[in-house]
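Quick one: this structure, given as structure tokens, is what I'll be asking you about.
The values are calculated or read from the model by the stated rules, or taken from the named source; none is laboratory data. Not measured: the values here are computed from a predicted model. Here the Cβ positions follow ideal geometry from the backbone for every residue, glycine too, while neighbour counts run over all protein chains shown.
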Number of protein chains: 2
Amino acid sequence: MPELRLIGLIGIPEIRTGDDLAALIVEAAANLQLTFQPHDILVVTQKVVSKMEGRVVALGDIVPSPASLTWGAHLDKDPRLVELILGEAKRIVRMDRGLLLTETRHGFICANAGVDRSNLPDDKSASMLPLDPDGSADAIRNRIRVLCGTDVAILISDTFGRPWREGLTNVAIGVSGLIPLQDYRETADDFDRLLKATRTAIADELAGAAELVMGKTERIPVVLIRGYSCSRGVGRASMLVRPSERDLFR
Amino acid sequence: MPELRLIGLIGIPEIRTGDDLAALIVEAAANLQLTFQPHDILVVTQKVVSKMEGRVVALGDIVPSPASLTWGAHLDKDPRLVELILGEAKRIVRMDRGLLLTETRHGFICANAGVDRSNLPDDKSASMLPLDPDGSADAIRNRIRVLCGTDVAILISDTFGRPWREGLTNVAIGVSGLIPLQDYRETADDFDRLLKATRTAIADELAGAAELVMGKTERIPVVLIRGYSCSRGVGRASMLVRPSERDLFR
């Protein structure tokens, strides 16, 4: 019977700048008696990638501009955080009711340009998204291949909101080694008719599924997904971003 | 180690109006030597629920109004489908570039008010969403409890688009026996600070995860999820719908 397994890689320590995250993942898997297989997918939460890459800043080092002071008061946010968010944002999509919805340098539409204060070891810092999450995914994948000889696919996940639905879900912001969209447009349905206009964002579904195992405290920053057969190849997270000319809500 | 398993219930036959879907699910599970357990979750695709409930119409029986004829030409859609969609919609959110984005009677914002022509046995019909997907989920859950003595949670899933991201994902449109949002707002993070404003739409992540096993042809209309511990209780799909007064994009 078709079965998908999602296994939380417990035992990965708190990550610091410059750590060899891939080696820690390989070690955690080995401690769980898991050997990576060619169709395995690893979902890695953004926060540990940002920590490894030094994308954490001390709020005390930030001097807010007059605009950040004004907007901070208006949005009920620390003006130093607002300053950081504006620096990470390519544009503001909505600024209302305490929400600062932005387009990031990567093209993602998300709250606060991915700037976040949770799960950091001190109360006085904030993390930013990796500068190039696809590149981060490539680096982890290549390093695991060197260490184990196995080419696993990597997704970097983050937690985004949705406009019409309550609650956040995890989506993929970095991709390496799989095509993030499954194209059913040339596939026949059960009754031999072509399925029109159907592409599934499997990378987002995989990232969301992994969140169910990670939970929110991130003591499980990496989840192994086994049993999912998808198109391998050069996938990029930008494939999941709707171009602004086709976007009716930006 | 924490592990989630998703198992596709193969062997469920083509569903017709009035079929005892719950009994067919129980039979399929038994044929796979699976015994339902109290924390199991079953994700059931909307299409088989709609078929069971007779929510399928012959397009030949629909007489399009003048508005549907005009809009059908404008949107390059069969005017009889447009007529059906308008009947299912509470309002139109956007009508542009071939897209008819609607609010359904249930409050869901989705394309075509959930009206869909895929995976139907003839080329001349269309399916609509269940009138009360939570009620449908309740009925399946109650019937399984009668048949097996086990209280499993049920999610009814459908495939929705997102405004800023490419590709569709499965979400929950019907809920019975679990709370669809996991509230982390009173939880401490790894460093004992309260996680603010974080609620995860676990029902949508569960539905999306199940899609990875279902694929799109729907020969696997039901997926068993085992190993996920969530809050049981009276959950409703409406908890996942953002009220229009808090919605910046409707």
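Could you check segment A:220-250 and list, in sequence order, the residues that are among the hydrophobic types (A, V, I, L, M, F, W, C) and either out of contact with any Pro (no Cβ under 9 Å at 6 or more places or on another chain) or touching a residue at least 12 places away in the same chain (Cβ under 8 Å) (or both)?
Residues satisfying the conditions are A:I220, A:V222, A:V223, A:L224, A:I225, A:C230, A:V234, A:A237, A:M239, A:L240, A:V241, A:F249.
Next question, about the same structure. So which residues in segment B:109-127 are more than 8 Å from chain A (Cβ to nearest Cβ), among the hydrophobic types (A, V, I, L, M, F, W, C) and buried (at least 21 other Cβ atoms within 10 Å of the Cβ), if there are any at all?
B:C110, B:A113, B:V115, B:A126, listed by residue number.
Hey, which of the strands (runs of 3 or more DSSP E) in segment A:19-98, taking only ones fully inside, have at least 3 residues that are of a type in the set (D, E, K, R)?
Here the list reads A:89-96.
Might you check whether a residue that is of a type in the set (V, I, T) and modelled with pLDDT of 95 or more occurs anywhere in segment B:232-250?
Yes: segment B:232-250 contains one or more residues that are of a type in the set (V, I, T) and modelled with pLDDT of 95 or more.
Let me ask something else. Evaluate the following for B:V171: is it touching a residue at least 24 places away in the same chain (Cβ under 8 Å), under 24 Å from A:I202 (Cβ atoms) and within 14 Å of chain A (Cβ to nearest Cβ)?
Yes: the conditions hold for B:V171.
Looking at A:I10, A:I25 in this structure, which one is touching a residue at least 40 places away in the same chain (Cβ under 8 Å), of a type outside the set (S, T, N, Q) and surrounded by fewer than 19 Cβ atoms within 10 Å (Cβ to Cβ)?
Going through A:I10, A:I25 in turn, the sole match is A:I10.
What pairs come out if I take residues in segment A:55-81 that are assigned by TED's automatic domain parsing to the domain that holds A:N112 and pair them with residues that are among the aromatic types (F, W, Y) whose C-beta lies under 9 Å away, six or more apart or interchain?
A:K77/A:W71; A:P79/A:W71
Now for a different question. Which of the residues that make up segment A:210-243 are over 14 Å from the mean Cα position of the chain (by Cα), surrounded by fewer than 23 Cβ atoms within 10 Å (Cβ to Cβ) and more than 9 Å from chain B (Cβ to nearest Cβ)?
A:R226, A:S229, A:S231, A:R232, A:G233, A:V234
For segment B:94-108, how many residues meet the condition of being touching a Lys or Arg at 6+ places or on another chain (Cβ under 8 Å), surrounded by fewer than 19 Cβ atoms within 10 Å (Cβ to Cβ) and either assigned by TED's automatic domain parsing to the domain that holds B:A237 or touching a residue at least 24 places away in the same chain (Cβ under 8 Å) (or both)?
Summing the residues that are touching a Lys or Arg at 6+ places or on another chain (Cβ under 8 Å), surrounded by fewer than 19 Cβ atoms within 10 Å (Cβ to Cβ) and either assigned by TED's automatic domain parsing to the domain that holds B:A237 or touching a residue at least 24 places away in the same chain (Cβ under 8 Å) (or both) in segment B:94-108 gives 2.
Here is a list of conditions, (1) at positive phi; (2) surrounded by fewer than 21 Cβ atoms within 10 Å (Cβ to Cβ); (3) within 14 Å of another protein chain (Cβ to nearest Cβ), and B:E166 meets all of them except one; can you say which number that is?
So B:E166 meets the others, but not (1).
Yes/no matrix, rows are residues, columns are (1) charged (D, E, K, R); (2) out of contact with any strand residue (DSSP E or B) (no Cβ under 7 Å at 6 or more places or on another chain); (3) at pLDDT 95 or above; (4) over 21 Å from B:I202 (Cα atoms):
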| residue | (1), (2), (3), (4) |
| --- | --- |
| A:L181 | no, no, yes, yes |
| A:A188 | no, no, no, yes |
| A:F191 | no, yes, no, yes |
| A:E205 | yes, no, yes, no |
| A:L212 | no, no, yes, no |
| A:R219 | yes, yes, no, no |
| A:S229 | no, yes, no, yes |
